[in-house]
Amino acid sequence: MYIYILKRLGLALLVAFTVSAISFSLLFMAGDPAIAIAGENASMEDIQMVNDRYGFDRPIVVQYFEWLGKAASGDLGNSWYFDLPVSDLIVDRLSVTMLLGLLSISFALLLAIPMGVAAAMKPNSLIDRAALFISVVGQAIPSFWFGLILIVVFSIKLGLVPASGSTSWAHFILPTIVLGYYATPAIMRLTRAGMLEVLSADYIRTARAKGLDSRKIMFKHALRNAIIPVISLAAVQMGFMLGGSIVVESIFALHGAGFLAWESISRNDLPTMQALILIFSMFYIFFTFLADILNAWMDPRLRIA
Amino acid sequence: MTDPILTIKNLTVDLPEGGDRPHAVEKLSVDIAPKEIVCIVGESGSGKSITSFTTMGLLPKALKPSTGEVIFEGQDVLKLSPREHAKLRGSRMAMIFQEPMSALNPCYTVGDQIEEVFEQHTSLSKAERKAKTIKLLDEVQLPEPERIYSSYPHQLSGGQRQRIVIAIALALDPSLLIADEPTTALDLSTQAQILHLFKELREKHSAGIMFVTHDFDVVAEIADKVVVMKEGKIVEQGTAEEVLNRPKHPYTRKLIDAVPRRTGSVNAHMTEKHKVMEVLGLNKTFHTKGTMFKPSRTVHACKDINFIVHRGETLGIVGESGSGKSTLVKCLIRLEDPDSGSVIIDGSDIAQFTPKLLHPYRKSIQIVFQDPYGSLNPRRTIGDQLVEGPINFGEDRAHAMERAKKLMEIVRLEQDALYRYPAQFSGGQRQRICIARALMVEPEVLIADEAVSALDVSVQKEVLKLLNEIRDEMGLTVLFITHDLRVAAQICDNLVVMQNGEIVERGNVDEVFGHPKHDYTKKLLSAQPGQNWNVPDISKLPPVDPALLDQALNQPMGAVR
């Protein structure tokens, strides 16, 4: 098991390293960054000044390692637009996005897994049909529309929850529902399919032949086997929620990292974009790693290094 | 005799509407006494498993017992609520299944899975549970119980896993043990050990055992009483001695007649000595890649294999799982590339041919696989699948179709079978179709890779007969790969016995089975169940009681194909 974790960790670090190299070279793919900063009509002297300040005329490899070294120590450079250290900006914004992401994935899992299990226990029953209906609707509704509908009903008409902002926990209720509901259908369908398959497995018959009560058969023997692919899916969904929450964040004016990404793209703020890509992919890698470890913990066959 | 533990009276289990018959089990009555092994024998679909599932309360939801009683320790279990029935399962009655590979949950240690029984049915402490479990592991003769206790199922072999399942069943010393084909999926020597274990357990515990099987040799090995089932009904029951040696019912006689004899066939048909295939020094090794943390492993699947097959000969390649016989076959038809050595067909060594050079030789070796259900494409007609090979070799479709019709006759199927789909045929019929498909390209060598292992005995006998006829009529050469010594004895002229990738013994059937030289062959032969039973010659038995004959004639003979 420890060897397995070490190997996965090594692999994760390699991926992280590769991603950082790619995200850095983005800076140079978009054209000469010095010209981008100095502006279209800048003179050679202006460009030279920018180069002196930022060091864009040095070899890319040197610049990369300098950036990497600084990034590792938490210095991600200065935002060109906000003129603030990028790390401060991100720490500030990321907490909002992280909170939203964790709330949403928990919401999705808490809704999808019980629904999937219930649907699998009685296939083609009313519960199954209802679960299918909920998941199809979740798949079909665009999240911006769903978000606006929720705002109209619950904030404007009923006045139950605030429509925008991120100052209290109440502000997170609607965004969590919108973002979490979007992830629900896939998790629910995978749970249902997995449970159906596992419930017809021979070892479930063995468990019944032992006279175990049905609760134990369901949760100890069936769910553990069925949940393994769901963990991997949830990790990917979580990564997606961090990077892909831009729409939801804009609707509810939550100033999170997704919103920051949108701002930096529209303002050509390269250091911020680079840093965000790096951070998002690190989280992605981290969650995938976590899912691998969780899966190996659940299923001993995966522990073979 | 003591009172029976289990009395099944007039049990009928209905099949859902639209099935091929109204009842899965009809008016079945059986008694099982303590320390008694009752074998329920029948071919697939005879309702023998349904009987055991009904007793255990494990029937699929679609099936419901409609009439009858299943009296276990004085109470009718059919009248119990599911919860009450569950209380008996695992404690008073226990079950062992056919597939040891999938019968255990991969996520928990086997120790945990055994302990669960104590956890569910007793109030023992953790330490007591563990002590009992270790004792059980020792009782089912697993080595190093402490180590096995904390192993996961995937770390154990099939035989070891079956012992775990038996340990689970024995945990609370049940008075009824139901075993559903418990040795069918196991190798011969493992089967022998498990059967021996059953006999020992019967002595030590006082349980009555319901043993479901299709194999009369296994019956001969362990049964006290035999119940023969056909299409949900009992056709005959009696003591093992009676039923095995003096079967009364025609159906029982037919089944026993289909049991492969242990003597070799007379190979008078071999006249010419024309070498069709020669294998010289064939080697194949598999390497698993080593990693930073694990040394690489090399498996020698075929070690210096040499043999010659003559025209019209049937060569049997016999071995248990892992003996390398499947790898050998794959090398012969070049689905795997041998590392070294030659496979000489018609004077050409195809072992090292490039795919392009190999193409014309592809049709000289054809193969029939084990699983008749998986080896035909369900969405294409039989005709389409038969002519595909010849068309690939340049024959025009109409001509190929004509030959396909003739072949249908040879394998004894109707010509209109060509226009039907695989799902419309039974396992035995599909295997005939597979044989016809292999013969379509007029091969020199036909490889039958466990081709009859998945079939019921009576069907098995028919297919073997067919293979023999085709070989004699067409001058075909057959390589017959099997783990079943009895089947090998029936069809083969010569044998090679493989163990761990090596040929350990060779010779004609009478030499190898009559006077085995190698220890492994001796061990295999002694593992064969039912050795003390001389299969009666059905033709010498007194004629069937006319009343039984009438009854047999009035029943649809679904299993005869």
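The values are calculated or read from the model by the stated rules, or taken from the named source; none is laboratory data. Bear in mind the structure is a predicted one, so any value in this text is a computation, not a measurement. Counting neighbours? That spans all protein chains shown, and the Cβs are built from the backbone with ideal geometry, glycine included. Side chains included, ligands, DNA and RNA excluded: accessible areas come from the protein's heavy atoms. Shrake-Rupley method; radii C 1.70, N 1.55, O 1.52, S 1.80 Å.
Observations on the model:
- Checked against the criterion of being within 13 Å of chain A (Cβ to nearest Cβ), at pLDDT 90 or above and farther than 24 Å from A:LYS220 by Cβ, region B:55-73 contains one or more residues that satisfy it.
- Flag for B:LYS35 being out of contact with any Leu (no Cβ under 9 Å at 6 or more places or on another chain) and in contact (Cβ under 8 Å) with a residue 40 or more places away in the chain: yes
- Residues of region B:197-216 that are within 23 Å of B:SER102 (Cα to Cα) and assigned to a helix (DSSP H, G or I): B:LEU197, B:PHE198.
- Any hit, region A:162-170, residues being away from chain B (no Cβ under 14 Å) and in a helix (DSSP H, G or I): yes
- Filter result (open to solvent by 30 Å² or more (accessible area, probe 1.4 Å), more than 29 Å from A:THR176 (Cα to Cα) and within 10 Å of another protein chain (Cβ to nearest Cβ)) within region A:212-242: A:ASP213, A:SER214, A:LYS216, A:LYS220
- Considering (1) modelled with pLDDT under 85; (2) of a type outside the set (Gly, Ala, Ser); (3) not in a strand (DSSP E or B), the lone condition that B:VAL299 does not fulfil carries the number (3).
- For region A:198-208, the criterion of a residue being facing chain B (nearest Cβ under 10 Å), outside any helix (DSSP H, G or I), open to solvent by less than 10 Å² (accessible area, probe 1.4 Å) and among the small types (Gly, Ala, Ser) is satisfied by no position.
- Within region B:96-106, restricting attention to residues that are at the interface with chain A (Cβ under 8 Å from one of its Cβ atoms) and open to solvent by less than 10 Å² (accessible area, probe 1.4 Å), the residue that is farthest from the chain's Cα centre (by Cα) is B:ASN105.
- Looking only at region B:378-397, residues that are farther than 19 Å from B:ILE365 by Cα and open to solvent by less than 70 Å² (accessible area, probe 1.4 Å) come to 4 in all.
- Restricting A:ILE90, A:ILE173, A:ILE156, A:ILE127 to residues that are over 30 Å from A:ARG189 (Cβ atoms) and either part of a loop (DSSP other than H, G, I, E, B) or without any contact (Cβ under 8 Å) to a residue 24 or more places away in the chain (or both) narrows the list to A:ILE156.
- Looking across region A:241-266, the residues that are touching a residue at least 24 places away in the same chain (Cβ under 8 Å) and within 11 Å of the chain's Cα centre (by Cα) come down to A:MET241, A:LEU242, A:GLY243, A:SER245, A:GLY258.
- Residue in region A:87-105 that is over 30 Å from A:LEU196 (Cα atoms), charged (D, E, K, R) and open to solvent by less than 30 Å² (accessible area, probe 1.4 Å) present: yes
- Any hit, region B:279-294, residues being outside any helix (DSSP H, G or I), modelled with pLDDT under 85, within 29 Å of B:GLU511 (Cβ to Cβ) and open to solvent by 10 Å² or more (accessible area, probe 1.4 Å): no
- Residue within region B:189-198 that is touching a residue at least 24 places away in the same chain (Cβ under 8 Å), hydroxyl-bearing (Ser, Thr, Tyr) and within 14 Å of another protein chain (Cβ to nearest Cβ) present: no
- Tally, over region A:34-81, of residues that are modelled with pLDDT of 80 or more, among the charged types (D, E, K, R) and farther than 21 Å from A:ASP269 by Cβ: 1
- Take the conditions (1) of a type in the set (Val, Ile, Thr); (2) within 9 Å of chain B (Cβ to nearest Cβ); (3) within 17 Å of A:VAL117 (Cβ to Cβ); A:THR191 misses just one of them, which is (2).
- Any hit, region B:231-241, residues being touching a Gly at 6+ places or on another chain (Cβ under 6 Å) and open to solvent by less than 10 Å² (accessible area, probe 1.4 Å): yes
- Among helices (runs of 4 or more DSSP H) entirely within region A:246-305, having at least 3 residues that are farther than 26 Å from A:GLY180 by Cα, among the aromatic types (Phe, Trp, Tyr) and within 14 Å of chain B (Cβ to nearest Cβ) singles out no element at all.
- Hey, A:ILE47 over 30 Å from A:PHE286 (Cα atoms) and either in a helix (DSSP H, G or I) or within 14 Å of chain B (Cβ to nearest Cβ) (or both) or not: yes
- Listed by first and then second residue, the pairs with beta-carbon distance under 9 Å, at least 6 apart or on different chains, first residue in region B:12-25 and more than 19 Å from B:SER52 (Cβ to Cβ), second in a strand (DSSP E or B) and open to solvent by 50 Å² or more (accessible area, probe 1.4 Å), are B:PRO22/B:ASP14.
- Scan of region B:77-91 for residues that are more than 9 Å from every other protein chain (Cβ to nearest Cβ) and either open to solvent by less than 70 Å² (accessible area, probe 1.4 Å) or touching a residue at least 40 places away in the same chain (Cβ under 8 Å) (or both), ordered by number: B:VAL77, B:LEU78, B:LEU80, B:SER81
- Selection from region A:75-98 of residues that are in contact with a strand residue (DSSP E or B) (Cβ under 9 Å, 6 or more places away or on another chain) and of a type outside the set (D, E, K, R): A:LEU76, A:GLY77, A:ASN78, A:SER79, A:LEU84, A:PRO85, A:VAL86
- One residue alone among A:ASP269, A:ASP292 is open to solvent by less than 10 Å² (accessible area, probe 1.4 Å), more than 30 Å from B:SER91 (Cα to Cα) and touching a residue at least 12 places away in the same chain (Cβ under 8 Å), and that residue is A:ASP269.
- Test: residue in region B:116-132 that is open to solvent by less than 40 Å² (accessible area, probe 1.4 Å), without any contact (Cβ under 8 Å) to a residue 40 or more places away in the chain and either away from chain A (no Cβ under 14 Å) or within 26 Å of B:VAL219 (Cβ to Cβ) (or both): no
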